[in-house]
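The values are calculated or read from the model by the stated rules, or taken from the named source; none is laboratory data. Keep in mind that this is a model prediction, so the values were computed, not measured. Backbone-built Cβ (ideal geometry, glycine too); neighbour counts: all protein chains shown. For the accessible areas, the whole protein counts, side chains as well, though only heavy atoms, and no ligand, DNA or RNA atoms are used. Shrake-Rupley method; radii C 1.70, N 1.55, O 1.52, S 1.80 Å.
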Amino acid sequence: MTDHIKTETRGPVLIAAFNRPDKLNAITRDMALALKAAHESFAADTSLRVMLIRAEGRYFSAGADITGDLLPDPNQTSQTAFRAWYRASTSSLHPMFDAFEACEKPVVVAHQGPCLGGALEMSLSCDYRIASTAATYGLPEIDLGGLPGSGGMSRLTRLVGPAWARWLAVAGETVSAEQALTMGMVQAVHPPERFEAEVMAFCERLAAKPPEAVAAGKLAIEMIADLDRAQGRNVERLTVGSLVMGEEFGRIFSGIKAKMTGRS
Ligand code: COA
């Protein structure tokens, strides 16, 4: 396994850090596999509540390592094999990104610097994106003659709409952290001097929320985003209905009610 992904546990938070600063954290196949393995162990460990993906160095990541083996080299591979590789969902980054979304526990990503290409696509599959004012965002695939094919068009369009998706993916424009906040692509922006503390504080607050409600809310909102309003409300009623029958809700609600009743 590579040491370009460093993992550590801080209480209920699993931290996975890109650690290849000399190459601007360009993502190799080994790094992608290590990140996938880290997420799988996070998903399986009930003592862990939140996964934080962060990075060391000037860049969050310059995207896929275009010199390495994450992507097949079009000049070394037959056209048929190259197209087949792209079509096969299992050979790309899709399974890992889909697993982030399907997991009932939240994944937070913290961009201390520029976030490009595949790193932005990875980030779009996370639940919470937090930016330093030093972060910028771009999808340079268009300048390589391609397009972002691991969620950079589909997830981005769902998140920010077709106009901004075209701005990034087709026009290849770079946006600042503040602009990303306005677009709804990131949820919070902090100055560099407070960035790490704010990110950790957010992860700790999130990890302290009732886990069953976090899980139900995460999965319900994912579904509701693709439903019409009536169906969305049905999912809402069913989710909350099943949650309030659970032990977690009963215990927390009774405790708060007893406290409030004692006050009156
Ligand atoms: N894949 C592989 N190596 C990369 C890389 C990438 N995506 N991005 C940067 N690097 C490497 C550079 O080759 C360089 O290595 P070296 O010091 O051994 O020569 C090192 O990281 C630093 O990059 P450098 O280009 O010197 O930094 P810069 O500040 O001048 O430019 C970028 C930064 C991001 C503008 C520039 O590196 C770049 O355009 N990278 C490619 C971005 C890209 O197309 N990503 C792919 C998306 S699919």
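Cβ under 13 Å from Gly217's Cβ, Gly217 left aside: what net charge do those residues give with Lys, Arg +1 and Asp, Glu -1? All intermediate terms of the calculation are to be shown ahead of the outcome.
Numbers: positive: Lys105, Lys209, Lys218; negative: Glu104, Asp127, Glu212, Glu222, Glu236, Glu248.
So the surrounding residues net to -3.
With respect to the cross-link table entries Lys6/Lys218; Lys36/Lys218; Lys105/Lys257, which display a Cα-Cα separation exceeding 24 Å? Kindly include the intermediate steps, with their values, before the conclusion.
Values: Lys6/Lys218 26 Å; Lys36/Lys218 20 Å; Lys105/Lys257 27 Å.
From the list (Lys6/Lys218; Lys36/Lys218; Lys105/Lys257), the Cα-Cα distance tops 24 Å for Lys6/Lys218; Lys105/Lys257.
Local charge sum around Ala62 (other residues, Cβ-Cβ under 14 Å, Lys/Arg +1, Asp/Glu -1)?
Values: positive: Arg20, Lys23, Arg58; negative: Asp22, Glu56, Asp65, Glu121, Glu141, Asp143.
Neighbourhood net charge equals -3.
What number comes out for accessible area per residue over the range 114-247 if the probe is 1.4 Å? Units Å², please.
Values: 6840 Å² over 134 residues.
Spelled out: the 1.4 Å probe surface of the range 114-247, per residue, equals 51 Å².
Given R₀ = 51 Å, FRET efficiency for Lys6-Met260 by Cβ-Cβ distance, to 0.05? Intermediate values should be presented prior to the final figure.
Working: r = 45 Å, r/R0 = 0.88.
About 0.70, to the nearest 0.05.
When ranked by the protection proxy of mean other Cβ atoms within 10 Å per residue, highest first, what sequence do the peptides 163-175, 30-42 form? Walk me through the numbers on the way to the answer.
Numbers: 163-175: 16.8, 30-42: 18.5.
Top to bottom by mean Cβ count within 10 Å: 30-42, 163-175.
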Other residues with Cβ under 15 Å from the Cβ of Thr28 give, with Lys and Arg +1 and Asp and Glu -1, a net charge of -1
Set the Förster radius R0 to 35 Å, insert the Cβ-Cβ distance between Ala171 and Arg58 as r into 1/(1 + (r/R0)^6), and round the FRET efficiency to 0.05. 0.90
Membrane-span-like helices (DSSP H runs, Cα span along own axis at least 15 Å, mean Kyte-Doolittle at least 0.0) in the chain -> 29-44, 211-224
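Let me know the volume per residue of the alpha-carbon convex hull for the chain, in Å³. Write out the running numbers ahead of the final one.
Numbers: hull volume 42.0 nm³, N = 264.
Output value, Cα hull per residue: 159 Å³.
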Return the carbon/sulfur percentage of the accessible area of the chain, one whole number, probe 1.4 Å, all protein chains in place. 57 percent
